[in-house]
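Data block below; observations after.
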Amino acid sequence: MIVVMFTAYEPERHGVPDDAITARRAQLRDADEIAHVMSARDGFHHTDHLTRATHLFDRLPVVVVAQAHAMIIGWSGAQIIAGRHPGPDGWYVAGLEVSPAWHRHGTALKLLAAVADGVARLDPGATLFSICNATNQASLDLHLRAGFRQLERGPQFVGVTFEGGRGVLLAHPPFPTW
Ligand SMILES: CC(C)(COP(=O)(O)OP(=O)(O)OC[C@H]1O[C@@H](n2cnc3c(N)ncnc32)[C@H](O)[C@@H]1OP(=O)(O)O)[C@@H](O)C(=O)NCCC(=O)NCCS
């Protein structure tokens, strides 16, 4: 069984954006294909992920998918987290996975834009936060490309601890004024 945590960091390589890839709000009927994206990343059978994929729609006010040629190739979402310090209360990016076969075609950038748009529709003017493992450099570069700014590094944010010991708190505009 293959369990891959983070994508290899390859800053010397650049992707080729694919116009066939679009991001949209997800629907419950997408859960099965979202489970396939999850299993493409970690090697577990997709039925192992089906319950989690289905529950996303109960847990997350914003769920988005990316698709190419009618096939779902990535997903993300956003949730409100409050009262779990350290870390500000507010909207946080959830998930964010792209099927490995589709990496470096601009899919994650489209997913993050769709998440930000979904949050802005529900809560105009709200900041969108995200947390990343400090060793996940591919995701950190991605967030900066998507307009996020690094706010802080630390051992724990909103109840999440990090393999390797440190995480990064990021924010998407409108940035907090504190
Ligand atoms: C991180 C991840 C979501 C990126 O998805 P993606 O669709 O390949 O990303 P994009 O094609 O939109 O990349 C946009 C930019 O992000 C940066 N980036 C993305 N992947 C990168 C990598 N492996 N190495 C270096 N930079 C990377 C680059 O700046 C890239 O632009 P470029 O290709 O023009 O150089 C994907 O690798 C993945 O699913 N990883 C496993 C799950 C994960 O770590 N999620 C993040 C949780 S915080």
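With runs of 4+ DSSP H residues as the only contributors, calculate the mean residue ellipticity of the chain at 222 nm using -39,500 (n - 2.57) per run, divided by the residue total and rounded to the nearest 500.
One gets -9000 deg cm²/dmol as the mean residue ellipticity at 222 nm.
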(request) Give the residue from HIS85, LEU169, ALA53 lying farthest towards the positive end of the charge dipole for segment 21-172; charges sit on Cβ (+1 for Lys and Arg, -1 for Asp and Glu) and the dipole is referred to the Cα centre. (result) LEU169
(message) Could you tell me which residue out of TYR9, THR135, GLY154 lies farthest along the dipole of the chain toward its positive end? Charges go on the beta carbon: Lys and Arg +1, Asp and Glu -1, centred on the Cα centre.
(response) GLY154
(request) Quickly rank 73-80, 98-105 as a protection proxy: mean count of other C-beta atoms within 10 Å, highest first. (result) 73-80, 98-105
(request) Using a 10 Å cut-off on Cβ atoms, rank the peptides 150-159, 108-117 from the highest mean neighbour count down. (result) 108-117, 150-159
(message) Could you derive backbone 3J(HN,Hα) for segment 73-83 from the dihedral phi with the Karplus parameters 6.51, -1.76 and 1.60 (θ = phi - 60°), listing whole Hz in sequence and x where the residue is Gly or Pro?
(response) 10, x, 8, 7, x, 8, 9, 8, 10, 9, x
(request) Using only Cα atoms, locate the centre of segment 1-75 and the centre of segment 76-97, then give the distance between them in Å, rounded to an integer. (result) 18
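Throughout, read-outs are computed from the coordinates displayed, never taken from laboratory work. On a predicted model such as this, the values are computed, not experimentally measured, just so you know. We place every Cβ from the backbone using ideal geometry, glycine too, and count neighbours over all the protein chains shown.
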